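Student: Before we start, here is the structure in question, set down as structure tokens.
All of the numbers you see were taken from the coordinates with simple rules; none came from a lab. As the structure is a prediction and not an experimental result, all values here were calculated from the model. Backbone-built Cβ (ideal geometry, glycine too); neighbour counts: all protein chains shown.
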Amino acid sequence: MAVGVPDAAPQAQGGGRPAWQRWTTKDLPAAIRPRFKSHLIPLTCVFLSTCLPWHALEDAERQHLHDYVFPDSDYIMENNDAIFCLVCSCHTNDRVTEWHGKFVSVAMLVLKNHFVTAGKLQAEARRSYIDKLLGTSMAAMKAPFLWREWRENGKKEGRFEGELVMRTLGIVQIPVLMSLPVELRSIR
């Protein structure tokens, strides 16, 4: 058996197991468990972090990630088998939630540091500064913090290049993107 190829494909969720029972890594062949946990799931999480938040992995993407981790395998994922389901659920597990949490905590740290360097230590000064940065409508991109340059006459330059955005991305997202293997950065 090549690593990544089950002796027998794990049964479909509905095939012989109650619907309420979920797949776990114990359902995987023992030979692939360590690499599945240490490589495939983290790689899938990193890959998903480069996608839009509502992006669901497509079958080809999921298979490509599997093939990257298990290059000697000729295993093809099927809907509802253990590997398929565990990779699908990767983006809803705690690891990605922790990653999103890191974004929030880093953004708060960047903002606190910005307050200190800008001399905005009083709550009222911070509040009025935040109101100014949020602008009139984030949905309409009328939030000054999103832009590198924001002029009162409505002209703006450098979308998503505001200082707070760039510092947060520099600490959290850029290292994540750099950890993704080059050949997986463009599988879409």
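Student: Work out, step by step, the length gained on full extension between residue 103 and residue 130: first 0.36 nm times the residue separation, then minus their alpha carbon distance; give nm to one decimal. Spell out each step's value before the answer.
Tutor: Details: separation 27, 0.36 × 27 = 9.72 nm, distance 1.84 nm.
Roughly 7.9 nm would be gained on extension.
Student: Another question about this same structure. Going highest first, how would you order 24-32, 122-130 by mean Cβ packing within 10 Å?
Tutor: Peptide ranking by packing, descending: 24-32, 122-130.
Student: In nanometres, what is the gap between the two model label sites at residue 38 and residue 163, each 7 Å from Cα along Cα-to-Cβ?
Tutor: 4.4
Student: What distance in nm lies between label points placed 7 Å from Cα along the C-beta direction at residue 24 and residue 60?
Tutor: Distance between the two pseudo-spin positions: 3.6 nm.
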